[in-house]
Amino acid sequence: MGSVKESLVFTGHPLVRARHRTTFEVTKEPRLSEKGDCIIGVNANKSGVDFDSSFRKMLSDDLTVVTITIMVDGERFVVKAKGHHALTLSHPEDLVVRTSSYVCSRTLAVQADKAAADIPRQVVSRLRDPDARGYMEILLARV
């Protein structure tokens, strides 16, 4: 099957803290509270329900390797994770990447090698600007 790719665009927010140690999240929601320490971007143009069916099918395979590249103002941050047979991508707003194997409707990928707290602080600083535009590329490949 080769590889399959999806991408999305999101914006920054003054309350982006990116301190969570086990997850990071991008949401379609325009607002962010101070409690949202895993959220790195808002106003996303897609959530899991918007992804192509072939992408969704491949992501729901335990043998799928997920490479997520986040780009903001020329800065790049890469996360490696895995697909999971229980992934549904059915949440209409949120995409959460987890270092654990926990799966819910918001989960995009599991067993990630990085979380919000691992994002370089210069990237986080840029994401605190509401005019910042972030890009997320999600590449799937079979092992």
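The values are calculated or read from the model by the stated rules, or taken from the named source; none is laboratory data. All values reported here derive from a predicted model rather than from experimental measurement. Cβ atoms come from the backbone with ideal geometry, glycine included; neighbour counts cover every protein chain shown.
Structure summary
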{"item": "ARG106 being under 22 Å from SER54 (Cα atoms), modelled with pLDDT under 95 and in contact with a strand residue (DSSP E or B) (Cβ under 8 Å, 6 or more places away or on another chain)", "result": "no"}
{"item": "Some residue of the range 33-46 being of a type in the set (Gly, Ala, Ser), closer than 16 Å to ASP129 by Cα, within 12 Å of the chain's Cα centre (by Cα) and not in a strand (DSSP E or B)", "result": "yes"}
{"item": "VAL9 vs. criteria surrounded by fewer than 16 Cβ atoms within 10 Å (Cβ to Cβ), aliphatic (A, V, I, L, M) and part of a strand (DSSP E or B)", "result": "yes"}
{"item": "Condition met for VAL124 (part of a strand (DSSP E or B) and of a type in the set (Val, Ile, Thr))", "result": "no"}
{"item": "All positions within the range 2-21 that are closer than 26 Å to ARG56 by Cα and in contact with a Phe, Trp or Tyr (Cβ under 9 Å, 6 or more places away or on another chain)", "result": "VAL4, LYS5, GLU6, SER7, LEU8, VAL9, PHE10"}
{"item": "Test: residue in the range 66-81 that is loosely packed, with under 14 Cβ neighbours inside 10 Å and among the charged types (D, E, K, R)", "result": "yes"}
{"item": "Count of the range 93-107 residues which are out of contact with any Asp or Glu (no Cβ under 9 Å at 6 or more places or on another chain) and in contact (Cβ under 8 Å) with a residue 24 or more places away in the chain", "result": "2"}
{"item": "Residue identified as on the phi < 0 side of the Ramachandran plot and over 14 Å from the mean Cα position of the chain (by Cα) among VAL97, VAL123", "result": "VAL123"}
{"item": "Given (1) crowded, with 20+ Cβ neighbours inside 10 Å; (2) within 14 Å of the chain's Cα centre (by Cα), index of the condition HIS84 fails", "result": "(2)"}
